[in-house]
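Chemist: Just dropping this structure here.
Rule-based calculations on the coordinates, nothing more; no lab input. Predicted, not measured: the structure shown is a model, and the values here were computed from it. When we count neighbours, we look across all protein chains shown, and the Cβ atoms used for this are built from the backbone with ideal geometry, even at glycine.
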């Protein structure tokens, strides 16, 4: 890894260390690669307790806000279903309704896991939260090809995705898992990690960090499967970050 990359990584890790003083501004700057800085600051500062919260506290706040948004969208869908006249639109809204119902449950599970510092469970639950807004939009997008029907939930789904993204990043960096929790998480969720690595390109950087944490904790079964998937599934990222040799060395450990 190049010296400049190491300096950047060290600065980010310092800001995101759970033991460090977590101001909203510094935290949002550190996670701005995937979450809009202004959106992050505005969202977190909407809760007065964010001023004194640590990183895990900010993750809890983000989860609460994401859950509140999901409940709001679910209620909006029920209203739209009552007033909808077209069979196709009702079908799309019904699908979105079921997706958001599952989303609310996933966020409740994520909230409990974050509060209890169960990092693997928290990451798994929050990662699943992207299904609702993205699949909901895909459902309307498919319909628009034949009926030119725009999604009435486009803005809501976009906000929900941003909230899920923010929650995921804060949950990852804000939870200090014990070695026992890391081992359990890596052992039970190797296949989940591999699926996320291959299917969600935007979170490869987070998966690199999580995988290295698993290996450092001593999870032998994570070496080959997850890292091989990372090397094969994200060659562009590995090459760009100059991580290829480092990752292959870890696989051989």
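Chemist: Residue separation times 0.36 nm, minus the C-alpha to C-alpha distance between residue 102 and residue 88: what's the value?
Modeler: 2.9 nm
Chemist: Between residue 95 and residue 37, 0.36 nm times their residue separation minus their Cα-Cα distance comes to what?
Modeler: Answer, rounded to one decimal: 17.7 nm.
Chemist: Could the peptides 50-58, 167-175 be put in order, highest first, of the mean number of other beta-carbon atoms found within 10 Å of their residues? List each step's numbers first, then the result.
Modeler: Details: 50-58: 18.0, 167-175: 26.6.
Averaged packing, sorted descending, gives the order 167-175, 50-58.
Chemist: If the viscosity is 0.890 mPa s and the temperature 25 °C, what Stokes-Einstein diffusion coefficient in µm²/s follows for the range 35-88 when Rh is the Kirkwood radius over Cα pairs? Can you show the working numbers first?
Modeler: Details: Rh = 13.1 Å.
Here the translational diffusion coefficient equals 187 µm²/s.
Chemist: Then there's this: Cα centroid distance between the range 96-114 and the range 34-50, in Å?
Modeler: Cα centroid to Cα centroid, the span is 21 Å.
Chemist: Compute the length gained on full extension between residue 158 and residue 78: take 0.36 nm times their separation in residues and subtract their Cα-Cα distance, giving the result in nm to one decimal.
Modeler: Numbers: separation 80, 0.36 × 80 = 28.80 nm, distance 1.88 nm.
Gain on extension, residue 158 to residue 78, equals 26.9 nm.
Chemist: Rounded to two decimal places and with Rh computed the Kirkwood way over Cα pairs, what is Rg over Rh for the range 34-152?
Modeler: We get a ratio of 1.05 for the range 34-152.
Chemist: Between residue 64 and residue 116, how many nm apart are label points set 7 Å from Cα along the C-beta direction?
Modeler: With each label placed 7 Å out from Cα toward Cβ, I get 2.0 nm.
Chemist: Next question, about the same structure. Rank the residues 38, 138 as a footprinting-exposure proxy: fewest other Cβ atoms within 10 Å of their Cβ go first.
Modeler: Fewest to most other Cβ atoms nearby, the residues stand as 38, 138.
Chemist: Please report 41, 126, 102 as a ranked list, fewest other C-beta atoms within 10 angstrom at the top and most at the bottom.
Modeler: On the way: 41 17, 126 29, 102 14.
Ordered from fewest to most neighbouring Cβ atoms within 10 Å, 41, 126, 102 come out as 102, 41, 126.
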